[in-house]
Amino acid sequence: MKIIELKHVTRQYPDGFTALHDLNLSLESGKFYSLLGPSGSGKTTILRLIAGFDQPTQGEILFNGRKINDLPAAQRPLNTVFQNYALFPHLNVFENIAFGLKVKKVPADQIQVKVDRMLSLVRLEGFGQRSVQELSGGQQQRVAIARALVNQPKVLLLDESLSALDKKLRKTMQFELRSIQKQLGITFIFVTHDQEEALAMSDEIFVLNEGRLQQSGSPSAIYDEPVNEFVARFIGDSNLLMGHMIRDFEVEFDNHRFECADAGIKPGEQVQVLLRPEDLSLVAPQQGKIVVEVLSQLFLGDHYEIWAKDDAGFNWLIHTVEKAPTKRCGLHFAPDAIHVMRLGESESEFDQRLSQYEDNEK
Amino acid sequence: MKRIGRALYLILAFVLLYLPIVYLAYFSFSSGKDMVRFQHFSWVHYQVLWSDKELLAIFLQTIILAILSSLIATAIGTCGAWGIFRLRGYRRKTMLVLNNVLMVAPDVIIGASFLICFTALGIGLGFFSVLLSHIAFSIPIVVLMVLPRLQDLDLTLIDAAQDLGAGRGVIFNQIVLPEIMPGILSGLFMALTYSLDDFAVTFFVTGNGFKTLSVEIYSRARQGINLEINALSTVMLLVVMLLAGGYLFLTRQHELALGARS
Ligand SMILES: Nc1ncnc2c1ncn2[C@@H]1O[C@H](COP(=O)(O)OP(=O)(O)OP(=O)(O)O)[C@@H](O)[C@H]1O
Ligand SMILES: [Mg+2]
């Protein structure tokens, strides 16, 4: 069931700057969504539109199929965890969490029960009477999450809520958020510019750039089959080369022809080819598809990061668990490690082509 | 060298500013009748002051007037600041300029215009007219003290309160008000002192029935030197110093709290 839809939403600010261009999003109930994009891509703008702090200049925002463009924020059944937490500094932890319930005139004994339950959910039992200013960043964040969740929203919006935390706490909180989401079955919309975080947590990711939706899909779909160079570069490390199609399932780049898994593109058409560094391996020179010379290798704890140059002058980034066997070695990869992208192909065109040649195969 | 020079300059300036006041206070303890020579220490002028029931009544009236007018002005000024704060662009600028003009306009002009206004409206001159004008000239200073606090306010707090379902009233009372309290208190203290020491405006708008201390002191001082006035002035000075001290204490407390926060 669709819980939130954005239809042809455009947001132009009074200074003339258009932060969102004709955006279409559709979110299903109970899932974990991430909005992923570089700084200034319009993520916060989308959240503010959904939360009701801002209105679109064009287009519709639907909640359960009902248009809510003009519904004030206070009346929307969703809550926000702000980027800077926005805890009320003069109220203690308990009063912060109870704020929404008090406003809704919930009886005091019920408030007590609900807030206590929230405190234990975010593992802050016994912190009720503390001043929020004394808490650490991670604790403040958990108070902010509890303050939003206690109202039992249908949708929870989180704006870069983990960005201020150190790596370890961040991993813990990612895990906790995910389990809270599964436990309560609430729809989460999580804004981040950290691709690892989005890949780790989401059911579905929306990749944005300059106010336009680039691609949406499951983490693996976005990682394995980015529709364009922007998505490929933004998500994960990549080796990107220009090349052209020879025929279906054969592509030429780097002065060689390779078998590949892509089809439905005119022979001779210019394409861009993506190979993920972890899909590459180094073997003996005569066994590889390309011969490369190792330039540097760096041990990063769980893998080696190797830079190697081929005869055509391209610098390859390779992630392997083993060290390079020799200075000159062969580069090996499977046909389906090659991901061919047409220049300027949109997400819908890409999906269409994919379904076409998958049908042909049958 | 430069630093010593600056210190000397400051000391000199303060001595010059405080000398007349200290001189005046000093002679309030003299048993003599003039400020030519200090006779010997005595409380005699304070005793006269204490038994001067008319003056004491005026003193009380002045205080009541100050408290009343500053409270009302603070309430109106705070709402005004909130209103100006929510305006954008040129409207906000216009409102600010209008507010500041009132701040710098000479008291005489303000007093005279109040007088014209009251007589035109048929409002009798007395306690009520003085109260109205004190409220009026205190509002701009309250606005000026509260507005910076509002500008420092974290706007996402308002978003957050809205997000949690709070209406305008709740947002103002429970979120905005506690955050800008120090500004409101400064405004209140300023309004209090403005009302206590105003002479020019009051002089214009007061009638026969009602006098404030400054007006009374002025009319007595014109009749010749009377050390009772010195005693009264010293008492007033003490009151104002206590107010200023209290104000400093409160702001210091707040800064300490802020320091603990960051
Ligand atoms: N009130 C405003 N007036 C004009 N332009 C604005 C306004 N708010 C945001 N913008 C612009 O809109 C664009 C998108 O802003 P937004 O805050 O949505 O980005 P973001 O994706 O959240 O970035 P970040 O990751 O840095 O938080 C930016 O270029 C920003 O400068
Ligand atoms: Mg943002």
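The values are calculated or read from the model by the stated rules, or taken from the named source; none is laboratory data. Just so it is clear, the structure is predicted and the values come from calculations on it, not from any experiment. So basically every Cβ, Gly included, is an ideal-geometry build from the backbone, and we count neighbours across all protein chains shown. Note: accessible area is taken over every heavy atom of the protein model, side chains too, but ligands, DNA and RNA are not part of it. Shrake-Rupley method; radii C 1.70, N 1.55, O 1.52, S 1.80 Å.
Observations on the structure shown:
- Hits in the range B:157-183 - residues which are facing chain A (nearest Cβ under 9 Å), open to solvent by 10 Å² or more (accessible area, probe 1.4 Å) and in contact with a Ser or Thr (Cβ under 8 Å, 6 or more places away or on another chain): B:ASP159
- Residue check: A:ALA51 meets all listed conditions (1) within 10 Å of chain B (Cβ to nearest Cβ); (2) within 16 Å of ligand 2 (Cβ to nearest atom); (3) open to solvent by 40 Å² or more (accessible area, probe 1.4 Å) but one, namely (3).
- When A:PHE190, A:PHE175 are screened for being touching a Leu at 6+ places or on another chain (Cβ under 6 Å) and away from chain B (no Cβ under 14 Å), only A:PHE190 passes.
- Of the listed requirements (1) within 12 Å of chain B (Cβ to nearest Cβ); (2) closer than 30 Å to A:SER39 by Cβ, A:ILE97 misses just one: (2).
- Taking the range A:5-46 as the range and being more than 26 Å from A:ARG233 (Cβ to Cβ) and within 16 Å of ligand 2 (Cβ to nearest atom) as the test, only A:TYR13 passes.
- Filter result for the condition that a residue is open to solvent by less than 70 Å² (accessible area, probe 1.4 Å) and either touching a Cys at 6+ places or on another chain (Cβ under 8 Å) or free of Cβ contacts under 8 Å to residues at least 24 places away in the same chain (or both), over B:LEU56, B:LEU19: B:LEU56
- Helices (runs of 4 or more DSSP H) (entirely within the range A:16-130) containing at least 2 residues that are modelled with pLDDT under 95 and within 16 Å of ligand 1 (Cβ to nearest atom): A:43-51
- The listed residue being within 16 Å of B:ALA231 (Cβ to Cβ) and touching a His at 6+ places or on another chain (Cβ under 8 Å), out of B:SER51, B:SER31, B:SER69: B:SER31
- Across the range A:99-108, not a single residue is classified as within 16 Å of ligand 2 (Cβ to nearest atom) and assigned by TED's automatic domain parsing to the domain that holds A:SER202.
- Restricting attention to the range A:184-214, the residues being open to solvent by 10 Å² or more (accessible area, probe 1.4 Å), over 10 Å from the mean Cα position of the chain (by Cα) and farther than 12 Å from A:PHE32 by Cβ number 5.
- Looking only at the range A:1-15, residues that are within 12 Å of ligand 1 (Cβ to nearest atom) and more than 14 Å from every other protein chain (Cβ to nearest Cβ) come to 2 in all.
- Per-region count, the range B:140-156, residues surrounded by 22 or more Cβ atoms within 10 Å (Cβ to Cβ) and within 14 Å of chain A (Cβ to nearest Cβ): 0
- Residue check, A:ARG147 assigned by TED's automatic domain parsing to the domain that holds A:TYR85, at pLDDT 90 or above and open to solvent by less than 10 Å² (accessible area, probe 1.4 Å): yes
- Taking the range A:75-89 as the range and being open to solvent by 10 Å² or more (accessible area, probe 1.4 Å) and within 16 Å of ligand 2 (Cβ to nearest atom) as the test, the residues that pass are A:THR80, A:PHE82, A:GLN83, A:ASN84, A:TYR85.
- Residue check for A:ALA144: closer than 12 Å to A:VAL81 by Cα, within 16 Å of ligand 2 (Cβ to nearest atom) and in a helix (DSSP H, G or I): yes
- When A:ASP159, A:ASP166 are checked against the criterion of being within 16 Å of ligand 2 (Cβ to nearest atom) and acidic (Asp, Glu), A:ASP159 stands alone in meeting it.
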